[in-house]
Amino acid sequence: MTQPDLTCSSPPYWRVAVIGSGPAGFYAVGELLKQQEMPVKVDLFDRLPTPYGLVRGGVAPDHQKIKAVCKIFDRIAGQEHFRYFGNVEFGRDLNRSEMLDHYDAVLYTVGSRSDRKLGIPGEDLEGSHSATEFVGWYNAHPDYRDKRFNLDSEQAVIIGMGNVAIDVARILSHRHEELAQTDISDEALSALASSRVKDIWIIGRRGPVQAAFTPVEARELMHLPETEVVLEADALDLDPASQRFLQEEAGKDIRKNIDLLEEMLETPPREKKKRLHILFLVSPVEIVGEQGKVSSIKLRRNQLVEKPDGSIRAEGTDRMLELKTGLVFRSVGYRGEPLPGVPFDEKSGTIPNEQGQILEEGSPCPREYTAGWIKRGPSGVVGTNKPDAIESVKKMLSALDSSGKKPLETKQVPDIAQLLRNREVDFVSFQDWKLLEDYETKAGEAEGRPRKKVGTVKEMMEVVRSLREG
Ligand SMILES: Cc1cc2nc3c(=O)[nH]c(=O)nc-3n(C[C@H](O)[C@H](O)[C@H](O)COP(=O)(O)OP(=O)(O)OC[C@H]3O[C@@H](n4cnc5c(N)ncnc54)[C@H](O)[C@@H]3O)c2cc1C
């Protein structure tokens, strides 16, 4: 737990706490540590011992290239005036007023932990899950370690057509050999090895032009060795409004998606072991259960109609469809959770803010800021969080600069590390994390995998403690 002593040094540095070590947190730290005119010292906190947020716990295990962004985060963490406090949860170990006592400014970058509900009967039956749970489980996120999924069901239905839905479908479709080369959790690797899922349905309430997945992800589906993509014969018979949108307004991703879907439709059936059905223009109306467990899902066929404001909306028809299944995933968006004592907008699931500065009952909080998914909602790729975090940091620095106040450091405010030690919070430094990472990487190497993740906080802390001492 060796951390540099940041309490007495000159010139006086502004002290900033960043809460949440996902992409938004790291990009903000990078920007803060760049400042020459207003030097800053940054403490980065995370509730887990492990950093990187959804890059570790969300990005799919067969997408290792994306995880290479962690090298950039490591370079940021390697700078002077940076400290990491893993295994420290805001709201459990530290609260808002303590943060404001110890820091000149606080930036919340806690992401969107929860998920949106569908609000249909049967949603809470056994066998109906959020994609968040499945993603967390296959990525060895400690919160989801004990989840179980009915992989004996021959049919799985994924509600939603974004990239997360595609990730879930791909993981269900891969062969064991492919997954065994990744850093998927050991629990998921062994459970998926005996999976009986053969037909995977991705369903969306609107049509192909409105689908939220991106072409790179869609193309991957065409190259799954054991799985073929199946579309309904009329899947690309577009309604007039979608046709016009495609011709006049659609960006290149939508055009590419349509080209890819055409290619899928034209590919003759190849009698592969599994089928991935992409089903447009249906809305789930009920998840049906038998003895408390999912047995089927009822869907209503939709048609698209153009509204007077030019938007294209799905409207239900009287045509119904029922799919037998024991496994349903809801992938209709993530949602932020409130932090104790911090302003929160229930409707959007975000922290209310103006260019990153938190608003409390409409008034700006002079020393509190936010960035990433909890600031703008759960959209965008890893890189989207960089300009977003920079905007918040700029706003923070300009407010500190014009506040007329001196950095807290000049008043010899005690170090937060002392408070945590008094509370017996065993925090994880970046060096500690690197020991754990090295342990995971070595364990993975032995099996030809990038890493073998430790799956519970308890085990992580045992590894850290033993390596720290050794
Ligand atoms: C399933 C999935 C797959 C994705 N795949 C890709 C992809 O392939 N490519 C791509 O570019 N983007 C991908 N994304 C998007 C990308 O992951 C996000 O844009 C990005 O992670 C959001 O960053 P963030 O920092 O706002 O939140 P997060 O990454 O969620 O980080 C938030 C951090 O805050 C911590 N935290 C939460 N609460 C507290 C608390 N109370 N106290 C302390 N710490 C706390 C969390 O532990 C976490 O580390 C994916 C997203 C998901 C959900």
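The values are calculated or read from the model by the stated rules, or taken from the named source; none is laboratory data. Not measured: the values here are computed from a predicted model. Using ideal geometry, Cβ is built from the backbone for each residue, glycine included, and neighbour counts are taken over all protein chains shown.
Restricting to segment 120-138, and then to whatever is assigned to a helix (DSSP H, G or I) and out of contact with any strand residue (DSSP E or B) (no Cβ under 7 Å at 6 or more places or on another chain), can you tell me which residue is surrounded by the fewest Cβ atoms within 10 Å (Cβ to Cβ)?
Among them, the one singled out is Glu133.
For segment 190-208, indicate whether the set of residues that are within 16 Å of the ligand (Cβ to nearest atom) and more than 26 Å from Phe280 (Cβ to Cβ) is non-empty.
For segment 190-208, residues within 16 Å of the ligand (Cβ to nearest atom) and more than 26 Å from Phe280 (Cβ to Cβ): absent.
Here are the criteria: (1) assigned to a loop (DSSP other than H, G, I, E, B); (2) modelled with pLDDT under 95; (3) surrounded by 15 or more Cβ atoms within 10 Å (Cβ to Cβ). Tell me which single one Lys452 does not satisfy.
For Lys452, the exception is condition (2).
Of all residues in segment 354-412 being part of a loop (DSSP other than H, G, I, E, B) and of a type in the set (Lys, Arg), which is nearest to the ligand (Cβ to nearest atom)? First the steps, then the outcome.
Filtering segment 354-412 down to residues part of a loop (DSSP other than H, G, I, E, B) leaves 355-356, 361-362, 371-372, 377-381, 402-407, 412.
Subset that is of a type in the set (Lys, Arg): 405-406.
On the way: Lys405: 26, Lys406: 28 Å.
Going through the qualifying residues, I end up with Lys405.
Residues are listed down the side, and each one gets a yes or a no for (1) outside any helix (DSSP H, G or I); (2) more than 20 Å from the chain's Cα centre (by Cα):
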{"position": "Ala140", "(1), (2)": "yes, no"}
{"position": "Asn150", "(1), (2)": "yes, yes"}
{"position": "Val157", "(1), (2)": "yes, yes"}
{"position": "Val168", "(1), (2)": "no, no"}
{"position": "Leu172", "(1), (2)": "no, no"}
{"position": "Glu178", "(1), (2)": "no, yes"}
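Please work out if Glu217 is without any contact (Cβ under 8 Å) to a residue 60 or more places away in the chain, more than 24 Å from Ala314 (Cβ to Cβ) and buried (at least 17 other Cβ atoms within 10 Å of the Cβ).
no
Filtering segment 338-353 down to residues that are in contact with a Phe, Trp or Tyr (Cβ under 9 Å, 6 or more places away or on another chain) and either in the same structural domain as Phe149 (by TED's automatic domain parsing) or farther than 24 Å from Gly160 by Cα (or both), which residue is surrounded by the fewest Cβ atoms within 10 Å (Cβ to Cβ)?
Pro340
Within the set of pairs 6 or more residues apart or between chains, which connect a residue that is in contact (Cβ under 8 Å) with a residue 24 or more places away in the chain and among the aromatic types (Phe, Trp, Tyr) inside segment 261-281 to a residue that is surrounded by 18 or more Cβ atoms within 10 Å (Cβ to Cβ) and in a loop (DSSP other than H, G, I, E, B) with Cβ atoms less than 9 Å apart?
Listed by first residue and then by second, the contacts come to Phe280/Met161; Phe280/Gly204; Phe280/Arg205; Phe280/Arg206; Phe280/Gly207; Phe280/Ala211; Phe280/Ala235.
Mind counting the residues in segment 370-428 that are surrounded by 16 or more Cβ atoms within 10 Å (Cβ to Cβ), farther than 23 Å from Ala60 by Cβ and β-branched (Val, Ile, Thr)?
Qualifying residue count, segment 370-428: 6.
Only one of these is closer than 30 Å to Gly448 by Cβ and out of contact with any helix residue (DSSP H, G or I) (no Cβ under 6 Å at 6 or more places or on another chain): His176, His223. Name it.
Result of the check over His176, His223: His223.
Can you name the residue in segment 247-258 that is surrounded by fewer than 17 Cβ atoms within 10 Å (Cβ to Cβ) and in a helix (DSSP H, G or I) and is also nearest to the chain's Cα centre (by Cα) among such residues?
Per the stated criteria, the residue is Asp253.
I'd like the residue in segment 120-138 that is within 16 Å of the ligand (Cβ to nearest atom) and hydrophobic (A, V, I, L, M, F, W, C) and, out of all such residues, is nearest to the chain's Cα centre (by Cα).
Filtering first and then ranking leaves Val135.
Examine segment 315-322 for a residue that is more than 30 Å from Trp201 (Cβ to Cβ), of a type in the set (Lys, Arg) and surrounded by fewer than 14 Cβ atoms within 10 Å (Cβ to Cβ), and state whether such a residue exists.
no
Within segment 238-293, track down each residue that is under 28 Å from Asp124 (Cβ atoms) and among the β-branched types (Val, Ile, Thr).
The answer is Ile278, Val282, Val285, Ile287, Val288.
Using beta carbons and a limit of 6 Å, which pairs, at least six apart or on different chains, have the first residue in segment 378-396 and in contact (Cβ under 8 Å) with a residue 60 or more places away in the chain and the second one of a type in the set (A, V, I, L, M, F, W, C) and away from the ligand (no atom under 11 Å from the Cβ)?
Partner pairs satisfying both residue conditions: Val393/Leu32; Met396/Ala105.
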